[in-house]
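Engineer: The structure's right below; bear with me while I get my questions together.
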Amino acid sequence: MNHIILGNIIALVGSLIMASLGLIKDEKKLLTVQNIQFAVFTVGNLVLGGITGAIANFVSMLRNILCIKINFGLGWKLFFIALQSVLSLVFNNAGLLGLLPVFAACIFTLCMGFSNELLLKSAIVLGQLAWAVYDFNIMNYTTLVFDILAVCSSMYAIIMILTGHRTAKQEKA
């Protein structure tokens, strides 16, 4: 029981960092702070026994480091998807639920670099729903709350885009 409390405390720190990412506009700074979030989440997932979640976060850290250094094209995207998939299949300890972090990270990786706001928000919704189910499974309740909030805010943004109340230009302002 103590590991569940400890894991949730660590995950809360990661979730608060995740929530602060919306305040950062510079892409390199965003990726750097997101790496701190991924590192904290990696530790939290390991404490809670979420091996594939830890792998997803660790591989996402490596991906972000590379994104800061070079142009991140389709070849690199496919490399990181393959790396994450293989590692997760080898070390998965949660059956089909253990593949949810892989699904989430792969969706996000594929959508990186696209400027279509609707596509990006949709990817966030799908990815966060996958993480929500996974987090519930490993008893990562603090992050589960943030997963649900991310889904709600992204769904709201999708509705605003689809009804013409918001455009990508308005969000950048």
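Engineer: Based on the Cβ-Cβ distance of E27 and L119, what FRET efficiency does E = 1/(1 + (r/R0)^6) give at R0 = 25 Å, to the nearest 0.05?
Structural biologist: Once the sixth-power term is evaluated, E becomes 0.90.
Engineer: Sticking with this structure for a sec: Using alpha-carbon pairs under 8 Å, 6+ residues apart, how would you state the relative contact order of the stretch 1-137 in percent?
Structural biologist: Rounded, it is 20 percent for the stretch 1-137.
Engineer: On average, how much accessible surface per residue is there in the chain, in Å², for a 1.4 Å probe, leaving out ligands, DNA and RNA?
Structural biologist: Accessible area per residue, the chain: 54 Å².
Engineer: Let me ask you something else. Roughly how many percent of the accessible protein surface of the stretch 56-150 is carbon and sulfur, given a 1.4 Å probe and a whole-percent answer?
Structural biologist: About 79 percent, which is the carbon plus sulfur part of the accessible surface.
Engineer: Now for a separate question. For a quick check of understanding: with a 1.4 angstrom probe and all protein chains in place, what accessible area in square angstrom does V13 have, to the nearest ten?
Structural biologist: 70
Engineer: Further, regarding this structure: Over the stretch 30-173, what portion of Cα pair distances is larger than 26 Å, expressed as a whole percent?
Structural biologist: That fraction is 25 percent.
Engineer: Size of the dipole of the chain about the Cα centre, Lys and Arg at +1 and Asp and Glu at -1 on the beta carbon, nothing else charged, in debye to 20?
Structural biologist: Its charge dipole is roughly 440 debye.
Engineer: Let me ask another. How many lysine pairs in the stretch 59-173, separated by 8 or more positions in sequence or lying on different chains, have Cα atoms less than 22 Å apart?
Structural biologist: Within the stretch 59-173, the lysine pair count is 4.
Engineer: Same structure, new question: Highest mean first, what order results for 110-118, 51-59, 154-162 on Cβ atoms within 10 Å?
Structural biologist: Final packing ranking: 51-59, 154-162, 110-118.
Engineer: Order these peptides, 39-49, 22-32, by their mean beta-carbon neighbour count within 10 angstrom, highest first.
Structural biologist: So the order, starting with the most tightly packed, is 39-49, 22-32.
Engineer: Taking the alpha-carbon centroid of each part, what is the distance from the stretch 1-28 to the stretch 48-71 in angstrom?
Structural biologist: The stretch 1-28 and the stretch 48-71 have Cα centres spaced 15 Å from each other.
The values are calculated or read from the model by the stated rules, or taken from the named source; none is laboratory data. These numbers come from a predicted model, not from an experiment. FYI the Cβ positions are ideal-geometry reconstructions off the backbone, even for glycines, and counts take in every protein chain you see. Side chains are part of the model used for accessible areas, which takes the heavy atoms of the whole protein and leaves out ligands, DNA and RNA. Shrake-Rupley method; radii C 1.70, N 1.55, O 1.52, S 1.80 Å.
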